[in-house]
Number of protein chains: 2
Amino acid sequence: MRNITVAAAQLGPIQKDDSRQAVVARMIDLMDQAKAQDVDLIVYPELALTTFFPRWYHEDVAETDIWFEREMPNAATRPLFERAIAHGMAMNFGYAELTPEGRRFNTAILVDREGQIVGTYRKVHLPGHGEFDPERAFQHLEKRYFEPGDLGFPVFDFLGGTFGMCICNDRRWPETWRVMGLQGVEMVVLGFNTPSVNSQDAEENLERRLFHHKLSVQAGAYQNATWAVAVAKAGVEDGHPLFGGSIIVNPEGEIVAETQTEDDELLVHTCDLDATTFGKKTMFDFSRHRRPEHYGRIVAQTGVERSPD
Amino acid sequence: MRNITVAAAQLGPIQKDDSRQAVVARMIDLMDQAKAQDVDLIVYPELALTTFFPRWYHEDVAETDIWFEREMPNAATRPLFERAIAHGMAMNFGYAELTPEGRRFNTAILVDREGQIVGTYRKVHLPGHGEFDPERAFQHLEKRYFEPGDLGFPVFDFLGGTFGMCICNDRRWPETWRVMGLQGVEMVVLGFNTPSVNSQDAEENLERRLFHHKLSVQAGAYQNATWAVAVAKAGVEDGHPLFGGSIIVNPEGEIVAETQTEDDELLVHTCDLDATTFGKKTMFDFSRHRRPEHYGRIVAQTGVERSPD
């Protein structure tokens, strides 16, 4: 047994006017609750420090600078790092990253028990669009405000296991999971901000949207025999609802814990990383069963093409 | 709307002693029932003509010749083709194929309303093992009796849409679905023979096994915005149980019809191929959202490797 006690630290809504300090205070409160339950690793959502600002259109991208972090840790997040070190707790959270070169990414970091950033991930699959879209019920401008991640899907030796990260929309793409699965990933941590309404189909109900979310995470976990921890920022941000449904999924693809609210809520589960072994040695023993000679299109083409391979 | 009325024609068990003629009579009976419901396409399971013989070990592979078809149609299946032509009904079924060159494949065919074979698929992902395995509760010798398919995952212009095939274990591999999705597939038809018990884990219950089956088909359908029709051979064959759970899944990944028995049972649903358009143009508009520059491992390696890409 290689047990890791993990906490999915769901955050309720963050309004435009909420300060980083106020958000970090909420994150620390969840961390203190986690410490009381002997948590080894706490996982916070995507863009954990701010509102989901890609819903707001700005002609001048520089107007979004206020939502970006220029260094990590910084003044606002240092208290979070200090509390994590005091608790000896590892953590993962997402934020908008503005690099010294002026590049913008939707980023997540893996921080060890000593407060060192040991892994960085930049969101590869940016959903939405780059220009104002009058056809949508609301905007989803991730393609405007971020570049696609440039780091691929690396895995990290962490807490005695093999860990990977992805962010929100990445979870819907089986390529995300498979690239980490092919590096032996044993736990994938991911945060999301997912609107409760489809901006392009008002008829799509919340039940279907939660189903798509869970289906994607459960399939990714099962088909790569890995644990998955998927954590929401939820609730109504300045009139725009995000769904909850934070889940912890075992390597069989089964949900073992799920949040019940759209507020700040802690979900704790002890995960045996050795539970990944059975799947990796039998059904999903890639070396015996995969047939890459027939997968060429997955890398050779981006969109739909009917030409022969 | 491009409506296709499809029938999942689940077969109950086929015993070792059952003749091809007896099985074909059952298939024709299901086809007649389907005709009464104006079915355009009837989908039968994997290895529809025989028992699931890979559970039986033979030192000499040639002893399995009795389970293979040397031509298609042949004397045993000609009545099925003739009935399909009389009904003007398209069909799909699986069988063990022995080629003139002596090669052995686990094969499925797509037959048009005029009885012409317009598509052939040979199972790529063979599960199980190649040698007798004394550790297992029962044998699963597909790797002994078949070569991996050599045709990839082609799609076919068929009944006014884009159709693809896969077989049984293929459905658990997201690569299967994606390669067809990248060719614009609108309906995937597949048959399966899946034991109700895990030969390597007696504790794994039927509920979990049905969940894995459905999860794989539902995720494949959703993530490629395609219909999926998954059809079982079910029930107890010579003491060995196979599960049912034949399903028709819409392009949202939702189950719209499911069998209730482990016997011969017909499931009919009218599927609008245009229902695939929304997903293909929004969330899964591959040309806008996929990032193949980060997918290299999927093709470059077969098993788990931690070396940098």
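So which of A:T261, A:T270, A:T302 is facing chain B (nearest Cβ under 7 Å), farther than 30 Å from B:E142 by Cβ and not in a helix (DSSP H, G or I)? Only one candidate passes the filter, namely A:T302.
Answer yes or no: is there a residue in the stretch B:276-291 that is part of a loop (DSSP other than H, G, I, E, B), touching a Lys or Arg at 6+ places or on another chain (Cβ under 9 Å) and either more than 7 Å from chain A (Cβ to nearest Cβ) or over 19 Å from A:E147 (Cβ atoms) (or both). Yes: the stretch B:276-291 contains one or more residues that are part of a loop (DSSP other than H, G, I, E, B), touching a Lys or Arg at 6+ places or on another chain (Cβ under 9 Å) and either more than 7 Å from chain A (Cβ to nearest Cβ) or over 19 Å from A:E147 (Cβ atoms) (or both). Would you call B:G253 part of a loop (DSSP other than H, G, I, E, B), in contact (Cβ under 8 Å) with a residue 24 or more places away in the chain, away from chain A (no Cβ under 14 Å) and touching a helix residue (DSSP H, G or I) at 6+ places or on another chain (Cβ under 8 Å)? Considered against the rule, which asks whether it is part of a loop (DSSP other than H, G, I, E, B), in contact (Cβ under 8 Å) with a residue 24 or more places away in the chain, away from chain A (no Cβ under 14 Å) and touching a helix residue (DSSP H, G or I) at 6+ places or on another chain (Cβ under 8 Å), B:G253 comes out as no.
Sort through B:T277, B:T261, B:T270 and tell me the only one that's over 23 Å from the mean Cα position of the chain (by Cα) and under 30 Å from B:Q37 (Cα atoms). After applying the criteria, what remains is B:T277.
Those helices (runs of 4 or more DSSP H) of the stretch A:140-246 in which 3 or more residues are in contact (Cβ under 8 Å) with a residue 12 or more places away in the chain, touching a helix residue (DSSP H, G or I) at 6+ places or on another chain (Cβ under 6 Å) and at the interface with another protein chain (Cβ under 10 Å from one of its Cβ atoms) occupy A:174-181, A:206-224. Of the residues making up the stretch B:54-77, those that are out of contact with any Asp or Glu (no Cβ under 7 Å at 6 or more places or on another chain) and either hydrophobic (A, V, I, L, M, F, W, C) or not in a loop (DSSP other than H, G, I, E, B) (or both) are B:R55, B:W56, B:V61, B:A62, B:E63, B:T64, B:D65, B:I66, B:W67, B:M72, B:A75, B:A76. Kindly check whether there is at least one residue in the stretch B:18-36 that is closer than 26 Å to B:E131 by Cβ and either crowded, with 20+ Cβ neighbours inside 10 Å or modelled with pLDDT of 95 or more (or both). No, the stretch B:18-36 has no match at all. Taken over the stretch B:76-119, the criterion of being more than 21 Å from B:L11 (Cβ to Cβ) and polar (S, T, N, Q) is satisfied by B:T99, B:Q116. Search the stretch A:117-130 for residues that are farther than 20 Å from A:T194 by Cβ and pair each with any residue that is open to solvent by 20 Å² or more (accessible area, probe 1.4 Å) and part of a loop (DSSP other than H, G, I, E, B) when their beta-carbon atoms are under 8 Å apart and the residues are at least 6 apart or on different chains. Taking only residues 6 or more apart or on different chains, the pairs are A:I117/A:M72; A:V118/A:D112; A:G119/A:P154; A:T120/A:L151.
Out of B:L47, B:L80, one residue alone is touching a helix residue (DSSP H, G or I) at 6+ places or on another chain (Cβ under 8 Å), part of a loop (DSSP other than H, G, I, E, B) and open to solvent by less than 20 Å² (accessible area, probe 1.4 Å). It is B:L47.
The residues in the stretch A:262-295 that are touching a helix residue (DSSP H, G or I) at 6+ places or on another chain (Cβ under 6 Å) and open to solvent by 10 Å² or more (accessible area, probe 1.4 Å) can be counted, and the count is 3. Scanning the stretch B:218-240 for residues that are farther than 21 Å from B:L267 by Cα and surrounded by fewer than 24 Cβ atoms within 10 Å (Cβ to Cβ) yields B:E237, B:D238, B:G239, B:H240.
For the stretch A:151-174, the criterion of being out of contact with any strand residue (DSSP E or B) (no Cβ under 9 Å at 6 or more places or on another chain) and closer than 20 Å to A:V61 by Cα is met by no residue.
The values are calculated or read from the model by the stated rules, or taken from the named source; none is laboratory data. What you see is a predicted model, and the numbers here were worked out from it, not measured in a lab. Cβ atoms come from the backbone with ideal geometry, glycine included; neighbour counts cover every protein chain shown. Ligands, DNA and RNA are excluded from the accessible area calculation, which covers all protein heavy atoms including side chains. Shrake-Rupley method; radii C 1.70, N 1.55, O 1.52, S 1.80 Å.
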